[in-house]
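Engineer: Can you read through this structure? Questions will come right after.
All of the numbers you see were taken from the coordinates with simple rules; none came from a lab. All of these numbers come straight from a predicted model, not from anything done at the bench. For neighbour counting, all protein chains shown are included, and Cβ atoms are generated from backbone atoms with ideal geometry for every residue, glycine included.
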Amino acid sequence: METFKRTIKYEEELDPHFRDAIMALEGGEHLSQCIQCGMCSATCPLSIYMDYPPRRIIAMTRAGFKKEVLSSNTIWLCASCYACTVHCPQNIHITDIMYALKQMAIREKRYPRGFAVPALAQSFFKMVTRKGRSSEMRLVLSVYLKISLFKLLSMAPLGWNLLTRKRLPLKSESIRKREELALIMKGLEANYSSAHPVGRVFGSKHTK
C-alpha cells in the first residue's frame, strides 16, 4: 500500500524565534526588508546546484523553516564570493547570513550527513585553532573518517601517488608559541559571544 507524507507545514510547526536569532547577528539586521526580487539567486554562480536558491533561503528563514534551512546543502555550497551581497538592493549581507546559518547548523548538528563540507569546516577550524596550521594528510583522514570510510579507501591510490611524489607530507605542522594563539582565540571567542548571544564560533571548545 502506497503511503503519503505531508510536506506542508502548519504555522505552529515553524520556529518563530529563528528569524530573530539571525537578525540579531551583524549583517542580518536587514533580513526583514528583503523584497524577494531574486537578485541574489540570479547572481549566485552556484544556485543551479542548490536545493534552495538564496532567495528561498532568505524567505524560509524569515518564515521560521529552521529545520529545512539548516539541513539544506545551500549554505554549504556558498562560495563566499559576495556577489549576492553586492547586488542586493536592500543591503542585506546574505553571505554573512550564510556563515551564521552554517555555525548554527553545526552547533545543532542539523547539517547534511555524509556531506564533506561541514566535516571539513569543523576539522580545519579545530586543527588551526590547536596548532596554528593545517596538515593535509591529517585533515583528509579526519574528514573522511567522519563521513565515509569507503570513500577514504577509494582514495588510497591517489594518496599513495601523492606520498611517493612527496606532495602529501606526513609530518604534522605547528607554529611556535601556540599558547599565544590560544589567548588570541580565547579573546575572539569572548568578543564573538558577547556580540552574538545566539551562538558561538562553530569550532570552539565551548560549542556543543
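Engineer: Given the pairs LYS126/LYS177; LYS67/LYS131; LYS131/LYS186; LYS146/LYS186; LYS126/LYS146; LYS102/LYS146, which span a C-alpha to C-alpha distance of over 23 angstrom in this model? Walk me through the numbers on the way to the answer.
Structural biologist: Working: LYS126/LYS177 17 Å; LYS67/LYS131 34 Å; LYS131/LYS186 14 Å; LYS146/LYS186 26 Å; LYS126/LYS146 14 Å; LYS102/LYS146 18 Å.
Cα-Cα > 23 Å for LYS67/LYS131; LYS146/LYS186; rest within.
Engineer: Also, I was wondering about something else. Answer with one residue from VAL69, GLY187, TYR52: the one whose Cα lies farthest towards the positive end of the charge dipole of the chain, charges on Cβ with Lys, Arg +1 and Asp, Glu -1.
Structural biologist: Checking the options against the dipole of the chain, the answer is GLY187.
Engineer: If you keep only loop residues by DSSP, which GluC sites (Glu not before Pro) in segment 19-125 have at most 16 other Cβ atoms within 10 Å of their Cβ? Walk me through the numbers on the way to the answer.
Structural biologist: On the way: sites: GLU26, GLU29, GLU68, GLU108; in loops: GLU26, GLU29, GLU108.
Listed in order of number, the matching sites are GLU26, GLU29, GLU108.
Engineer: Let me ask something else about it. Between LEU183 and CYS37, what length comes free when the chain is fully extended (0.36 nm per residue of separation minus the Cα-Cα distance, one decimal in nm)?
Structural biologist: Numbers: separation 146, 0.36 × 146 = 52.56 nm, distance 4.41 nm.
Result: 48.1 nm gained on full extension.
Engineer: 5 Å is the cut-off here: which amide hydrogens, built 1.01 Å from N in the peptide plane, fall below it relative to LEU46, excluding neighbours closer than 5 in sequence?
Structural biologist: Sorted by chain and number, the residues that satisfy this come to none at all.
Engineer: Something else: Step through the residues of segment 119-126 one at a time and calculate ³J(HN,Hα) from phi using the Karplus curve (6.51 cos²θ - 1.76 cosθ + 1.60, θ = phi - 60°), rounding each to whole Hz and writing x for Gly and Pro.
Structural biologist: 5, 5, 4, 5, 5, 5, 4, 5
Engineer: Pop out the ³J(HN,Hα) list for segment 159-172 in order, Karplus 6.51 cos²θ - 1.76 cosθ + 1.60 with θ = phi - 60°, rounded to Hz; leave Gly and Pro as x.
Structural biologist: For segment 159-172, the Karplus curve yields x, 5, 4, 5, 5, 5, 9, 6, 9, 9, x, 8, 5, 7 Hz.
Engineer: Mind computing the radius of gyration and Dmax over the alpha-carbon atoms of the chain? Å is fine for both.
Structural biologist: 19.6, 65
Engineer: Residue by residue through segment 42-55, which ³J(HN,Hα) values in whole Hz follow from phi under the Karplus form 6.51 cos²θ - 1.76 cosθ + 1.60 (θ = phi - 60°), with glycine and proline marked x?
Structural biologist: With the stated coefficients, segment 42-55 comes to 5, 8, 6, x, 10, 4, 6, 9, 8, 6, 10, x, x, 4 Hz.
Engineer: Still on this model: Within segment 1-101, report the trypsin sites (Lys or Arg not before Pro) that DSSP leaves as loop and that have at most 14 other Cβ atoms within 10 Å.
Structural biologist: On the way: sites: LYS5, ARG6, LYS9, ARG19, ARG55, ARG56, ARG62, LYS66, LYS67; in loops: LYS5, ARG6, LYS9.
In loop regions of segment 1-101 (DSSP not H, G, I, E or B), the sparsely surrounded trypsin sites (Lys or Arg not before Pro) are LYS5, ARG6, LYS9.
Engineer: Still on this structure, I have one more. Trypsin sites (Lys or Arg not before Pro) within segment 76-152: which are DSSP loop residues with at most 13 other Cβ atoms inside 10 Å? Spell out each step's value before the answer.
Structural biologist: Numbers: sites: LYS102, ARG107, LYS109, ARG110, ARG113, LYS126, ARG130, LYS131, ARG133, ARG138, LYS146, LYS151; in loops: LYS109, ARG110, ARG113, ARG133.
Passing both the DSSP loop test and the Cβ count: LYS109, ARG113, ARG133.
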